[in-house]
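Notes follow the structure.
The values are calculated or read from the model by the stated rules, or taken from the named source; none is laboratory data. Everything quoted here is computed from the prediction, not taken from an experiment. Cβ placement follows ideal geometry from the backbone for every residue including glycine, while neighbour counts extend to all protein chains displayed. Please note that ligands, DNA and RNA were not included when accessible areas were found on the heavy atoms of the full protein model with its side chains. Shrake-Rupley method; radii C 1.70, N 1.55, O 1.52, S 1.80 Å.
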Amino acid sequence: MKTYAEAFDKQFDTSGNKDTEIKKKLFIAQMYIDSNNKEAAEQTLRELYGKYPEETDVSGQYASILNENKKPDDALKVLSAAISRDPNDYYAEYLSALSFLSKNDVVNSLDRMGKFEAIVEKNPDLAPALDESLYSYSLKFSAIFSGDQVISEVEKIKSNTVLYNYLYAIKGWKEKNSDQSNEYIGRSEARF
């Protein structure tokens, strides 16, 4: 796959066409990711971001690979700039929540998920993105969802019933407590 990505990069000339260049480089980065060469993907996206930092797709994909490569501080710099440009960039808020989560910063992570949810809920077309993201986030959060301090922080977001219910449903599932899991899944489904 790496060889295909390199060949594709050399073969396809995009000079003079910004949109085509962006699509090409994003595709190449994905090919590197698919071949488990995340360093090459990061390099490709870093170069693209250096050229087009204002492009939402570029900054989102670059921050995402930075998170995957365990560079949350670098990702947060990219995401902060994206959110400054567009306060309604729901994907940047979501990725910020993941960045803070990887740093075990529960307070900021939950705050960013709340902001993500608030943005997405304003747009009914994004409902599938909301559920998918809440589920994915809750799975990642479950790795650190233990201890009094973390539970205390989750209890503070009780008014955000959707996120709260997702977190406790996944916690119950991971702890093999199907009664708890089913109870909170039922609560989260009740909103539909």
So the carbon and sulfur contribution to the accessible area of the range 12-129, 1.4 Å probe, in percent, is 48 percent
Nitroxide proxy distance, nm - points 7 Å out along Cα→Cβ at Ser178 and Asn88
4.4 nm
Pop the C-beta distance of Glu121 and Lys23 into the FRET formula with R0 = 41 Å and round what comes out to the nearest 0.05.
0.85
Computed label-point distance, nm, for sites Asp57 and Lys156 using a 7 Å Cα→Cβ extension
3.8 nm
Which order do the peptides 57-66, 85-94 come out in when sorted by mean C-beta neighbours inside 10 angstrom, highest first?
57-66, 85-94
For the range 140-147, what does the Karplus curve 6.51 cos²θ - 1.76 cosθ + 1.60, with θ = phi - 60°, yield as ³J(HN,Hα) per residue in whole Hz, taken in order and with x for Gly and Pro?
5, 5, 4, 5, 10, 7, 7, x
Run the Debye formula on the Cα coordinates of the chain, all scatterers equal and no solvent, and tell me log10 I(q)/I(0) at q = 0.09 1/Å.
-0.39
Averaged per residue, the 1.4 Å probe accessible area of the chain, protein heavy atoms only, in Å², is roughly 55 Å²
Suppose R0 equals 35 Å; then what is the FRET efficiency for Gln30 and Ser146 from their Cβ-Cβ distance, rounded to the nearest 0.05?
0.50
Under a plain spin-label model, where a point goes 7 Å from the Cα along Cα-to-Cβ, how far apart in nm are Lys38 and Ala81?
2.2 nm
